[in-house]
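For reference, the structure discussed in these notes is given below.
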Amino acid sequence: MKRLSFTVKSLIACAVAASMAACSQTAEKTTETPAAAPASADAQAAAATSNFRYIDADSVISAYTLAQQLFAEQQREVNRLQQWHESKQRELQSMANNINQKQKNNVYLTQASMEADMQNFQKKGEDADRYLNTQQQRLANSELQIRARLSDSITSFVKDYNATRGYDAILLREAGIYFNPALDITAEIIEGLNARFEAGNAKK
């Protein structure tokens, strides 16, 4: 029988990455945004004269309520499929053990009866593989939809945010080696995203 295989991490490992370019550690981060270090007078002056800002993608994703809800639901789906897979493996193992026991005890009176059990076992295994592959593809498609939704949501908000600020650029911290901490607007973006999300829910 084709061996059933299932890798939970492969279904959601990069769901955050496409939306904001970095996701490998988001599941381990808390939803609190790290406070920026106090800016010196020179840093504040630099911020006043620099017409660009930056955001920390990991912090935005980990603290954005919409992202938290979407990935929590995705994880529940993955857990349900994992539980089904484990249950199906036990069922198939039990069938295999039963067939082996019948052979040892000479229960099968004819070759045909043994082959019938073997064919039934093989069919159940193939059905399980087929179902597993279908569900994996469904979750992969769901992952792509989450990426697109978060990317659209964050991009839309940043554009609206900048319409009232007039920065020449808003960059990702991951795109550079060093940025003056006084140019960090991560906390503002998170606050605005969550405020807009809550307002949208309140209208429903």
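The values are calculated or read from the model by the stated rules, or taken from the named source; none is laboratory data. Not measured: the values here are computed from a predicted model. Quick reminder, even Gly has a Cβ in these numbers, built from the backbone with ideal geometry, and neighbours come from all protein chains shown. Heavy atoms of the whole protein, side chains included, go into the accessibility calculation; ligands, DNA and RNA do not. Shrake-Rupley method; radii C 1.70, N 1.55, O 1.52, S 1.80 Å.
Please report the carbon-and-sulfur percent of the accessible area for the range 87-204; probe 1.4 Å, protein heavy atoms only, DNA, RNA and ligands left out.
With neighbouring chains kept in place, the figure for the range 87-204 is 50 percent.
When the chain is fully extended, how far beyond the present Cα-Cα distance does Q83 get from N133, taking 0.36 nm per residue of separation?
Roughly 16.5 nm would be gained on extension.
On a full-extension model of 0.36 nm per residue, what is the gain between S156 and K124, subtracting their alpha-carbon distance, rounded to one decimal in nm?
6.8 nm
Sorted by average packing, counted as other Cβ atoms within 10 angstrom per residue and highest first, what order do 155-168, 116-129 take?
Top of the packing list down: 116-129, 155-168.
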